[in-house]
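Quick notes on the structure that follows.
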Amino acid sequence: MAKKDFSQIETGRVYDTITAATAEEKARKERKTYTDEEARALQMNMNTTGRKGVRMKRLNIAVTPDVSEYIYTMSRVSGETLSMFIVRALREHMDAHADIYKKAIAFRNSLDGVDE
C-alpha cells in the first residue's frame, strides 16, 4: 500500500483558523448589576427584557376556554399584552379588596407565629 502525499495541500487557512480561535478574546464590557430596589422597580414596570439577573415571576395557570377567549379579546381591544391585561385586572381586584387581603395576611402570620 502506497503512502499518501499530503505535501501539496494548502494548510494556511487551517492554521489561520486555529490562530484566530486560540487568540485572546477582546475585553468585554462589564455587565451592569442591579440593586434590589432597581430590580424591583424594573419588575413592577414589567420592563426586565434584556436585563441579566432581573426576571419576572412566572405562573403557569390553566383557564377555561371562555376566560381564555375573554383575556385574548380584551387585551387586544385595550392594546395591552396578555400579561399586562391580567396584571391590571388583578391589581384592580387587589385595590378593591385591600382590607380583606390585610386581614388574610394577618391571619396567616398568626398561624405561622410571625409578628408584624
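The values are calculated or read from the model by the stated rules, or taken from the named source; none is laboratory data. All of these numbers come straight from a predicted model, not from anything done at the bench. Don't worry about glycine lacking a Cβ; one is built from the backbone with ideal geometry, like all the others, and counts go over all protein chains shown.
Assorted remarks:
- Residue in the range 57-69 that is in contact (Cβ under 8 Å) with a residue 12 or more places away in the chain, within 25 Å of residue 90 (Cβ to Cβ) and surrounded by 11 or more Cβ atoms within 10 Å (Cβ to Cβ) present: no
- The requirement of being out of contact with any Pro (no Cβ under 9 Å at 6 or more places or on another chain), modelled with pLDDT under 95 and not β-branched (Val, Ile, Thr) is not satisfied by residue 102.
- Segments classed as helices (runs of 4 or more DSSP H), wholly inside the chain, with at least 2 members that are among the hydroxyl-bearing types (Ser, Thr, Tyr): 12-22, 65-77, 98-112
- Residue count for the range 83-116 satisfying the condition of being under 27 Å from residue 71 (Cβ atoms) and of a type in the set (S, T, N, Q): 1.
- Tally, over the range 94-116, of residues that are within 25 Å of the chain's Cα centre (by Cα) and of a type outside the set (A, V, I, L, M): 0
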